[in-house]
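Q: Take this structure first; my questions come after.
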Amino acid sequence: MAVITPTITTETVDEYAAMVDRLKPFAQRVHVDISDGEFAPKFLLGEAQLSWPQQWQVDIHAMVVRPSEHLAQLIALKPNMIIFHVEIEEDRSALIAQIKAAGIKAGVALLRTTVPSTVADVIKLADHVMVFSGELGKIGGTASLMQLEKVRLIKAINPAVEIGWDGGVNTENAYTLAQGNVNVLNVGGAIAETEDSAAAFEALTNEINKHGVI
C-alpha cells in the first residue's frame with residue numbers, strides 16, 4: 001500500500017508556517033526537509049525552528065554532512081522517522097542505533113549515483129530506504145524512473161524495509177512508482193506549487209489507488 005506524503009522544503013520560519021497551514025486540512029504524514037547548506041547547496045529551515053500539528057506523522061529528511069550534530073534536537077522533536085544520507089562519512093550504524101533507541105524509525109536516503117550493494121550493511125539495519133531522484137534542497141524536478149531498479153535491489157537486501165521516493169512525483173508517474181513497490185511517495189512541487197493543494201493531494205492519492213486497465 002502506497003501513501004502520498006506532502007513535502008515541506010522552506011528557507012524561512014514564515015514560509016514554513018504558511019506550508020503547515022496549507023497542508024493542515026488534509027495531510028496526515030508529512031515529509032520535512034532540513035539542510036545545513038553543506039550537504040545540499042541551500043540552507044533550509046533548521047530543526048530548532050520546527051514544530052507541527054499534533055496529529056501529524058512527520059518524517060524528517062536531514063540533508064546534512066554530520067547528522068550526529070543534529071540528532072539530539074531531532075530526537076527531541078519526536079518525529080515518526082529521521083532520514084539521513086548514506087553518503088555521509090560518519091558511523092551510519094551508530095546513528096541508526098541511536099535513532100531506534102529513542103523509539104523513532106531510522107531511514108536512509110540514496111543519491112542517484114549510489115548503488116545499493118555498496119551500502120548493504122546500512123540498508124539491512126534501516127526501517128526505511130528512500131530513493132532520492134531529485135535535486136538536493138529544491139522542489140519539483142523530474143523523476144528518473146530508471147531509479148526504480150533500485151527498489152528491487154534494496155528489497156533483495158532487506159525484504160521488510162519500507163521504500164520511499166523523493167523527486168519529481170506527479171500525477172503522470174505516481175501510479176508507475178506505486179506499482180514499482182514504492183511505499184511512500186514524497187511530493188513537493190506537485191502539491192506545494194498548486195493553487196489547490198488539497199485537490200492535488202486527492203488527485204495523487206486517487207492515482208496511486210486506481211486499478212490497472214487491461
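Q: Sort out which residues of segment 40-53 are of a type in the set (S, T, N, Q) and modelled with pLDDT of 95 or more, and write them in order of number. Please lay out each step first, then the result.
A: Residues of segment 40-53 of a type in the set (S, T, N, Q): 49, 51.
Matches in segment 40-53: 51 only.
Q: Right, another one. Those residues that are part of a helix (DSSP H, G or I) and either at pLDDT below 85 or not hydrophobic (A, V, I, L, M, F, W, C) (or both), I need them from segment 123-144; list them, please.
A: Result: 124, single match.
Q: Counting only residues that are loosely packed, with under 15 Cβ neighbours inside 10 Å and modelled with pLDDT under 95, how many does segment 150-170 have?
A: 0
Q: Counting only residues that are outside any loop (DSSP other than H, G, I, E, B), of a type in the set (Phe, Trp, Tyr) and touching a residue at least 60 places away in the same chain (Cβ under 8 Å), how many does segment 1-42 have? Reasoning before the result, please.
A: Of all residues in segment 1-42, those outside any loop (DSSP other than H, G, I, E, B) come to 3-8, 13-23, 29-36.
Subsequent filtering for residues that are of a type in the set (Phe, Trp, Tyr) retains 16.
From what is left, the residues that are touching a residue at least 60 places away in the same chain (Cβ under 8 Å) are none.
Qualifying residue count, segment 1-42: 0.
Q: Of all the helices (runs of 4 or more DSSP H) wholly in segment 148-214, which have at least 2 residues that are more than 16 Å from residue 131 (Cα to Cα) and of a type in the set (A, V, I, L, M)? It would help to see each step written out before you state the result.
A: Numbers: elements: 149-157, 174-179, 189-192, 197-209.
Output list reads 189-192, 197-209.
Q: Could you list, ordered by first residue, the pairs with Cβ atoms under 7 Å in which the first is in segment 61-82 and under 12 Å from residue 32 (Cα atoms) and the second is of a type in the set (Lys, Arg) and at pLDDT below 95, at least 6 apart or interchain?
A: none
A quick yes/no check of all residues on (1) within 30 Å of residue 45 (Cα to Cα); (2) of a type in the set (Ser, Thr, Tyr); (3) touching a His at 6+ places or on another chain (Cβ under 9 Å):
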residue: 112; (1), (2), (3): yes, no, no
residue: 125; (1), (2), (3): yes, no, no
residue: 158; (1), (2), (3): no, no, no
residue: 166; (1), (2), (3): yes, no, yes
residue: 169; (1), (2), (3): yes, no, no
residue: 177; (1), (2), (3): yes, no, no
residue: 190; (1), (2), (3): yes, no, no
residue: 199; (1), (2), (3): yes, no, no
residue: 204; (1), (2), (3): yes, no, no
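Q: OK, next. In this structure, does residue 154 turn out to be in contact with a Pro (Cβ under 8 Å, 6 or more places away or on another chain) and among the β-branched types (Val, Ile, Thr)?
A: On the way: in contact with a Pro (Cβ under 8 Å, 6 or more places away or on another chain): yes; among the β-branched types (Val, Ile, Thr): yes.
For residue 154, the condition - in contact with a Pro (Cβ under 8 Å, 6 or more places away or on another chain) and among the β-branched types (Val, Ile, Thr) - is met.
Q: Another question about this same structure. Restricting attention to segment 113-133, which residues are within 12 Å of residue 165 (Cβ to Cβ) and either in contact with a Phe, Trp or Tyr (Cβ under 9 Å, 6 or more places away or on another chain) or among the charged types (D, E, K, R) (or both)? It would help to see each step written out before you state the result.
A: Step one: of segment 113-133, the residues within 12 Å of residue 165 (Cβ to Cβ) are 128-133.
Once the filter is applied, which keeps residues that are within 12 Å of residue 165 (Cβ to Cβ) and either in contact with a Phe, Trp or Tyr (Cβ under 9 Å, 6 or more places away or on another chain) or among the charged types (D, E, K, R) (or both), segment 113-133 yields 130, 131, 132, 133.
Q: Which one of 79, 67 is modelled with pLDDT of 95 or more and under 30 Å from residue 199 (Cβ atoms)?
A: Among 79, 67, only 79 is modelled with pLDDT of 95 or more and under 30 Å from residue 199 (Cβ atoms).
Q: Continuing with the same structure: Filter segment 1-46 for residues that are aliphatic (A, V, I, L, M), within 15 Å of the chain's Cα centre (by Cα) and surrounded by fewer than 20 Cβ atoms within 10 Å (Cβ to Cβ) and give the result.
A: 3
Q: May I ask you to verify whether residue 148 is closer than 22 Å to residue 207 by Cβ and either in contact with a His (Cβ under 8 Å, 6 or more places away or on another chain) or not polar (S, T, N, Q) (or both)?
A: Considered against the rule, which asks whether it is closer than 22 Å to residue 207 by Cβ and either in contact with a His (Cβ under 8 Å, 6 or more places away or on another chain) or not polar (S, T, N, Q) (or both), residue 148 comes out as yes.
Q: Only residues that are under 26 Å from residue 152 (Cβ atoms) and surrounded by 15 or more Cβ atoms within 10 Å (Cβ to Cβ): list them for segment 63-94, please.
A: At the first step, the residues of segment 63-94 found to be under 26 Å from residue 152 (Cβ atoms) are 63, 80-88, 92-93.
Result: 63, 80, 81, 82, 83, 84, 85, 86, 87, 88, 92.
The values are calculated or read from the model by the stated rules, or taken from the named source; none is laboratory data. Since the model is a prediction, treat every value here as computed from it, not as a measurement. A quick note on method: Cβ atoms are made from the backbone with ideal geometry, for glycine too, and the neighbour counts reach across all protein chains shown.
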